[in-house]
């Protein structure tokens, strides 16, 4: 791979909250490699840290400092920096995000830069090695999220929580659509890339943990819960909708012995609940200008699923000895994948 000492089309983005002097040291070392610019986002650190930011910003004229008055979260800091670079530096082709605490070595950041220089249309991940020297909270958190990600999205991302990432500027508008503002933003970025089928390359980097990773602001309980909820929110809403649907169907069927009528009324009621929470909670499609179109598409999807469920239920009921309630549950489980795929990539897709 071609090596270079100048990266005139690459910017470095460092989101940080309450940094140590490691930030100034990192900026000083990065300045030697002549990146187009280095953008620091102070995510509401406060007056106590002004001297550190001032000494970092004065290292070079190509160091830009953006300050949040209040702490918004790492995701929001990343989006602020990405938006700034996209709007103010049209010559930039790629952005490398790095942490400020010394865990990402300048040599590894340079490895990402060299890869981006060769492949401007590829998203690059700096992948850490997880072994017995890795702090337990970092190792177990990444292992769980890696397995969950592979299970759901059929893509093996070896380090889902790495902050060292090479981002082609062409994908930035898509990433800015993501509604999350804290650590889960980085997981949603990976989901967006995989679902958009954007090329991803994983590069091994050195694993550096300072004082057992004590300086990290990542809360292993709270922030991991936020990240993992990305995987489960659709199932939670779907499960609740299914319970509503099942209860109403059961009551109506044993009252009327009418399969279709019971299915129809149960689906309309649970569908209204499902539409609202999937739109605004699961898929974060907060815009309402296209809501009529979304409702029509959702209704069409529901009708298609309803008809499919009805025909399948009639066939199974006629040819098996299983109770109809058990068959109903089986059919609903079969429809989960169809519902999720259509909602995420057709109905509630962000443009």
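So which of 197, 192 ends up being free of Cβ contacts under 8 Å to residues at least 40 places away in the same chain, exposed (fewer than 15 other Cβ atoms within 10 Å of the Cβ) and assigned by TED's automatic domain parsing to the domain that holds residue 95? Result of the check over 197, 192: 197. The residues on offer are 65, 78, and the sole one that is surrounded by fewer than 16 Cβ atoms within 10 Å (Cβ to Cβ), modelled with pLDDT of 95 or more, in the same structural domain as residue 112 (by TED's automatic domain parsing) and in contact with a strand residue (DSSP E or B) (Cβ under 6 Å, 6 or more places away or on another chain) is 65.
Of the residues making up region 108-126, those that are outside any helix (DSSP H, G or I) and either crowded, with 18+ Cβ neighbours inside 10 Å or modelled with pLDDT of 95 or more (or both) are 122, 123, 124, 125, 126.
Which of the following residues is modelled with pLDDT of 85 or more, out of contact with any strand residue (DSSP E or B) (no Cβ under 8 Å at 6 or more places or on another chain), closer than 20 Å to residue 80 by Cβ and surrounded by 14 or more Cβ atoms within 10 Å (Cβ to Cβ): 174, 182? Before you say what the answer is, go through the steps one by one.
Details: 182 fails: modelled with pLDDT of 85 or more.
After applying the criteria, what remains is 174.
Looking across region 220-253, just one residue is within 26 Å of residue 141 (Cα to Cα), buried (at least 17 other Cβ atoms within 10 Å of the Cβ) and either modelled with pLDDT of 80 or more or over 26 Å from the mean Cα position of the chain (by Cα) (or both), and that is 237.
If the requirement is being over 22 Å from residue 175 (Cβ atoms) and crowded, with 17+ Cβ neighbours inside 10 Å, which of these qualifies: 15, 19? Break it down into steps so the answer makes sense when it comes.
Details: 15 fails: over 22 Å from residue 175 (Cβ atoms).
Result of the check over 15, 19: 19.
Note on region 53-86: residues that are over 15 Å from residue 12 (Cα atoms), assigned to a helix (DSSP H, G or I) and out of contact with any helix residue (DSSP H, G or I) (no Cβ under 6 Å at 6 or more places or on another chain) amount to 4.
The values are calculated or read from the model by the stated rules, or taken from the named source; none is laboratory data. Every value quoted in this text rests on a predicted model; they were computed, and no experiment measured them. Backbone-built Cβ (ideal geometry, glycine too); neighbour counts: all protein chains shown.
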